Amino acid sequence: MKTRPGVMALSYLIVVAATFLFLFPIVWLFITSFKPPSEVLSVALPSRLTLENYQTVLETFPVGQYFINSVLIAVGSTLISLTTGSLAAYSLSLYRFRARQPIMLMTLLMRLLPGVAVGIPLFYLFSSVRLTNTMPGLILAHTAIQLPLVIWIMLGFFEDTPTELIQAGLVDGCNRFNVIYRIVLPIVTPGLAVGAIFSYLLSWNNLDLALILAPTPRLVTMPVGISNMNLIYGVRWDLMASAAVMYIIPTIILALLLQRYIVRGLTLGAVKG
Amino acid sequence: MTERADPSPLVYAKPPPKPVARFHLSDGWFGFLITVPALLIMLTVFVFPLVFSAYTSLHRFEITRPDRTRFIWFENYATILQDDAFQRALGNTLTYVLVAVPIEFAIGLILALALATITRGRGMFRTLLVIPQMLAPAVMALMWKFMYNDELGIINHLLREWGVNRPPLWLTDTPLALFSIIIVEIWATVPIFVLLLLAGLLSIPSEYYEAAAIDGGSAWAVFRHVTLPLLQPVILVALLIRGMDAFRVFDLVYVLTGGGPALRTDVLSYYIFRTAFTDRDFGLASAGAWIVSIILLTGGLILIRFMRRRA
C-alpha cells in the first residue's frame, strides 16, 4: 500500500519527537553527572565535562560496595535460575506428565504477584532460618522471581527446537541427559543468553525484595543504595547522578544486546516477537 | 549400559520389550524429575511464603512477641477494609492504573503506527526506545525527581523561561503529586506498548492491506476494520499485563514521594510495606497483601482463559 507523503512526514516527525522525549531524561542524567561541581546549581549545559563527581561519590559513599553486592547477587541468582529454569522449561516443552499444566499455571501466576506480598512472609521465614541479611538469602529470593521468567523465555526457544533432532539423538544412542547436553544446548545457546540477560536485569533492578530482606548496610545493593542517598542527601544531585550512571551503564549495554528478543521477555511468551 | 537399552516412546510407535532386570524411568517421570530443582525453589521461596502469609493474615501478630500471636479469623480483613488509609491507597492505585494504562496504550498505538509507517531507521528507533524501560524503576524515579525539582529541575526552569510565574510543585502539591508519578509511569511504559503493538502490526500480512486498497477503503476504514480487529488479541494481552504491573507499583512511589505529601500518593504495595515494616503489624499487612494478590490472580486467570481461547 502506498503511503501519502504527508502521512510519511508526520510519522517521521512523531517518531523523532518521541525518541527525543523518551531519551531526554537519560541524557540529562548523563550530562548532570559530568557537570563541574560549581555548576550544579545552574540549570544549563555544563561549560566543561569532568569526572570529579564520580571521584567524589566513590570516595564519600560505598558505591563500589553497592555495585559489587548487586553484581554478586545478580550473577549468583542468574546462574541458579538459568540452570534449574531451563531444565524445567525443556521438560515442560518436551514431556507430558500430570504436573505439567499446574506447573505452567503456577509460573504464569507467580509473575503477577507484588514483591511485598512475597517479601513480607519471606522476611519472617528467613528470620527463623537466619537467612535475612545474608547474601544467599537474597540470591535465593531473586532466583524465585527470576524462575518464571526464565522458564517462559526458554519454553519459547525449546518449542522452536525441532523434535526430530532429539529423536535422532535418542535413536543414535544418546541417553536423555546426553541429548540435552550434546544436541539441545548448542541449539538453544542464544536462548540461554537471552534468559540470562533478562534474569540478570530482574535481579539488578530489584528494589523491594532487597529492601525488605537485607536492610543491613553491608548488603545494600545499587537500587537500595541510590534511593537511600536520595533520602539522606537530597541536595547532592550531582553525586547521585554519577552513581546512577554507573548503575545504568551495564543495563544499557545489556538492553542493546537484547533488543531483538525483548518482546518475548516482556510478555512471558504471551505475544511472540 | 547397552546403547539400545533406552528406547523412547517418542521414537517408536510401539516400544520394544523392556529389558527385565533394569530400572527404567518413563519419559513422564524423567520430565517431572528434571523440573524438581526449579520447582523446589519456587515452592519454598515463593509459594510457601504466600501460603504462610494467608495463615498470618488470620492472626494477630506481633513480630517482637511471638508468644502473643492468636487466631482471630478474618478480623484483620475487616479492619483493613474499613481503614481509611487502605481505602485511600486502593483509590490511588485504581486512579493510577485507570489513568496511566489507557494513556500509555493510546500514545503507544500512535507511535507504533508511526513506526510501522516509516521505511527508514525503524530498527534504530526501536532500539533506542528499548532503553528507557529496561532501567531500574528506582533510577527512573530518581532522574524524574531531579527534573521535577523546583529550583534545580529542568521542567520548572523551562516553564519559568516561558513565562510561567509560579510553576507547580510537582511532587508536593497534593492533587498533582499522584499525577506526577503517573507521568513517570507513562514515560516508562509507553515503549513497552510500542514494542508489543509494533510486533503485532508488522505481523499482519500485507495482503489484507492490498485487498483493502483494491476495495478502496479510506485510511480510517482500513484501520478500523482491518488493523484493529487483527491487533485486538495483542492489545488485550498488553492492556491486561500492563494493568496488573501498574497495580503493583512500588518502586516509583517509594523513591519519588515516599507516599507523601500526607499519604496522598500512597498506593497498595506501599501501604502494605509500611504496615509491615513501620507499624510492624504483620497480620494486617498479610491481609492487605492477600487482598492485592487475589485481585491480581483473578486478573491473571482472566488473561490465561483469554489466551487459551485464542490458541
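Below 8 Å, C-alpha to C-alpha, sequence gap of six or more: please give me the relative contact order for chain B in percent. This gives 27 percent for chain B. Here the Karplus relation 6.51 cos²θ - 1.76 cosθ + 1.60, evaluated at θ = phi - 60°, turns the backbone of the range A:176-186 into coupling constants of 5, 6, 4, 4, 4, 6, 8, 10, 6, 4, x Hz, with x for every Gly and Pro.
Comparing A:Val194, A:Val43, A:Val71 in a Gaussian network model of chain A where C-alpha atoms under 10 Å apart are linked, the largest mean-square fluctuation is found at A:Val43. The 3J(HN,Hα) values that the Karplus relation (6.51, -1.76, 1.60; θ = phi - 60°) gives for the range A:136-143 are, in residue order, x, x, 5, 4, 4, 4, 5, 4 Hz. Gly and Pro appear as x.
For chain B, modelled as a GNM whose springs connect Cα atoms under 10 angstrom apart, the maximal fluctuation among B:Pro37, B:Pro261, B:Pro167 occurs at B:Pro37. Prolate is the label for the range A:5-52, because the ratio a/c of its alpha-carbon gyration tensor axes (a ≥ b ≥ c) is 1.5 or higher and a/b is greater than b/c. Using just its DSSP H runs of length 4 or more, each adding -39500 (n - 2.57), chain B gives a mean residue ellipticity at 222 nm of -21500 deg cm²/dmol after division by all residues.
Report the relative contact order of chain A, percent, no decimals, based on alpha-carbon pairs under 8 angstrom and at least 6 residues apart. Don't jump to the answer; show the numbers that get you there.
On the way: 263 pairs, mean separation 78.6, N = 273.
Contact order relative to length: 29 percent.
Order of A:Asp238, B:Asp84 from fewest to most other C-beta atoms within 10 Å? Walk me through the intermediate numbers first.
On the way: A:Asp238 24, B:Asp84 8.
Starting with the residue having the fewest Cβ neighbours, the order is B:Asp84, A:Asp238.
Between the C-alpha center of the range A:35-108 and that of the range B:214-258 there is a gap of 27 Å. In plain terms, the residue of A:Ser93, A:Ser227 with the fewest other Cβ atoms within 10 Å comes first and the most crowded comes last, giving A:Ser93, A:Ser227.
Annotation: the residues B:Ser26, A:Ser81, A:Ser70, sorted from fewest to most other C-beta atoms within 10 Å of their own C-beta, follow the order B:Ser26, A:Ser70, A:Ser81.
Summary: within chain B, the longest segment free of trypsin sites (Lys or Arg not before Pro) located in DSSP loops with at most 14 other C-beta atoms within 10 Å is B:121-279. Mean separation of Cα pairs under 8 Å and 6 or more residues apart, divided by the residue count, gives the range A:1-59 a relative contact order of 25 percent.
With an a/c value of 1.5 or above and a/b not larger than b/c for the gyration tensor axes a ≥ b ≥ c computed over the alpha-carbon atoms, chain B is described as oblate.
Tell me what chain A gives for mean residue ellipticity at 222 nm when only DSSP H runs of n ≥ 4 count, each as -39,500 (n - 2.57), the sum divided by the residue total, rounded to 500 deg cm²/dmol. Could the numbers behind the result be given before it?
On the way: 12 runs with 193 residues, N = 273.
Theoretical 222 nm ellipticity from helices: -23500 deg cm²/dmol.
Each residue of the range A:25-42 is assigned a 3J(HN,Hα), and the resulting list reads x, 5, 4, 4, 4, 4, 4, 4, 5, 9, 6, x, x, 5, 9, 4, 7, 9 Hz, derived from the Karplus form 6.51 cos²θ - 1.76 cosθ + 1.60 (θ = phi - 60°), x at Gly and Pro.
Based on DSSP loop calls and a cut-off of at most 13 other Cβ atoms within 10 Å, the longest stretch of chain A free of exposed trypsin sites (Lys or Arg not before Pro) is what? List each step's numbers first, then the result.
Values: sites that count: A:Lys2, A:Arg48, A:Arg96, A:Arg98, A:Arg130, A:Lys272.
By the stated rule (loop sites, at most 13 other Cβ atoms within 10 Å), A:131-271.
Using only the Cα atoms of the protein assembly as shown, build the gyration tensor, take square roots of its eigenvalues as a ≥ b ≥ c, and label the shape rounded, prolate or oblate: rounded if a/c is under 1.5, else prolate if a/b is larger than b/c, else oblate.
On the way: a/c = 1.64, a/b = 1.20, b/c = 1.37.
Note, shape of the protein assembly as shown comes out oblate.
For chain A, the longest principal axis of the C-alpha atoms and the axis of helix A:100-110 are separated by about 10°.
For chain B, a Gaussian network of Cα nodes joined below 10 Å ranks B:Asn156, B:Asn92, B:Asn76 by mean-square fluctuation, and the top entry is B:Asn156.
Rule-based calculations on the coordinates, nothing more; no lab input. Values in this document were obtained by computation on a predicted structure and should not be read as measured data. So basically every Cβ, Gly included, is an ideal-geometry build from the backbone, and we count neighbours across all protein chains shown.
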